[in-house]
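No value in this document is a laboratory result; all are computed from the given coordinates. In this text the structure is predicted, and so the values were computed from the model without any measurement. For neighbour counting, all protein chains shown are included, and Cβ atoms are generated from backbone atoms with ideal geometry for every residue, glycine included.
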């Protein structure tokens, strides 16, 4: 995780910040400055390790600024303090405070995530995080292409809904549901386990899974038996975003472990690598795992999760990457979704078969956007040739969610073998994205960014077709529509989308 662009392990990080906040108010109530170092013990990880957080804080009147450091990430914080009441914010997590606390008898007592009580105190001289030895990155060279992901990967990832509550049984039932729901037949193939699966390295440095995943090889075999593929998560730092062991210094060892288990996809998250390496070292650091995956001989899709830092789209293929994050973490709300897709504009020239820009996972079905907004979400991800990784509970999804995720006509736009991204043109509240397709047709999406329904007109002359528009299909109504006098008009609801596929004579 990096300052200003967090990896999305927000729930875990909020819990840590809750603990840190307790030490702040203990000083505030006594009228002293809150400047200094503060410590909080966090929860016990699923591998038995105890988490700890350090906050380095400065105070200017009622204003607080500082840095929070954990096993998994470093983040800048800011906040306010009035009497014995304080609030702390992380800019990338929205406008609401992530921590609100009060002093009780010289200590701050709060609830972590609204569930777990925490007490924190000023840090002592021995309170610090474990030091991490620096390992020089390798010289740059080109990692050969693995020949995978010729269309954007499709599947499911555990983090958006389950976060740290994912386990073997849940993954198995999700694999079952991928088949019975029709997701597999629609092209969703990867079942990806995100953070918190990790155990503790043994005396030889081998990293096993923890008690939630008692036999990762058997789990992979089960997922494969369904005709699906399985993915896993790590990072180039010493720790993952949630504080579990990551792959620093163990790249070849971990890659071999993943291959032995039968893993098909690796998401590799920057997180605590920020504490060891500089941003300009991103490429050689990611190259090291790219080499390690190649050396296993197993075909493993390589997903770089570095939030678009360092112009990753320009060198992602050089390190063996098949896809790379171009944004911070998505949230299940309209503004986050639109912000992430807008960041794809400058990266569009670098997308193509085997190498994709990734605006993060789908939030469709998680309940904080309307169905019109979710249709827009699906449409835009298809138009920008994004990986389609569902993040909802596919075992219990509604008929409306199922219809959005399984719309094969929209999926065909995403999976088009030409692999071109759409580019947008904005006209007031309407934004039009046009994507060329392999058969000479185009996909055109018009998004209504405004707060009221709006009339949209699509002109055939703007679509850069080889000839006059001869056939057009509305991909959400599943009906053919007609261009009259070279144009097609439709009313689009607020935050809704018109998505057409238009062919030329």
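A few remarks follow.
- Only helical runs count toward this figure. For the chain, summing -39,500 (n - 2.57) over DSSP H runs of n ≥ 4 and dividing by all residues gives -6500 deg cm²/dmol at 222 nm.
- Helix axis angle, 10-28 relative to the chain longest principal axis, alpha carbon, degrees: 40
- Between the Cα long axis of helix 371-383 and the first principal axis of the chain there is an angle of about 80°, rounded to the nearest 10.
- Against the chain, whose longest principal axis comes from its Cα atoms, helix 216-225 is set at around 10 degrees.
- In plain terms, if you count all Cα to Cα distances in segment 154-414 and split them into 10 Å steps from zero, the share in each step is 7, 32, 38, 20, 3, 0 percent.
- Expected-Rg normalisation [2.2 N^0.38 Å, Cα atoms] applied to segment 251-344: 1.15
- Segment 195-237: C-alpha gyration tensor shape, a/c 1.5 cut-off, then a/b vs b/c: prolate
- Ranked packing of 190-198, 52-60, most packed first, by mean Cβ within 10 Å: 190-198, 52-60
- Packing order of peptides 252-262, 311-321, 384-394, highest average first: 384-394, 311-321, 252-262 (average count of other Cβ atoms within 10 Å over each peptide's residues).
- Were the residues from residue 80 through residue 480 laid out at 0.36 nm apart, the gain over their Cα-Cα distance would be 138.3 nm.
- Over the chain, the pair-distance histogram of Cα-Cα distances with 20 Å bins from zero comes to 23, 52, 24, 2 percent, rounded to whole numbers.
- Using the Stokes-Einstein relation with a Kirkwood hydrodynamic radius computed over Cα pairs, the translational diffusion coefficient of segment 423-504 at 4 °C and a viscosity of 1.567 mPa s comes to 102 µm²/s.
- Prolate/oblate/rounded call for segment 375-450, Cα gyration tensor, a/c under 1.5 rounded: oblate
- Ranked packing of 203-215, 148-160, 445-457, most packed first, by mean Cβ within 10 Å: 148-160, 445-457, 203-215
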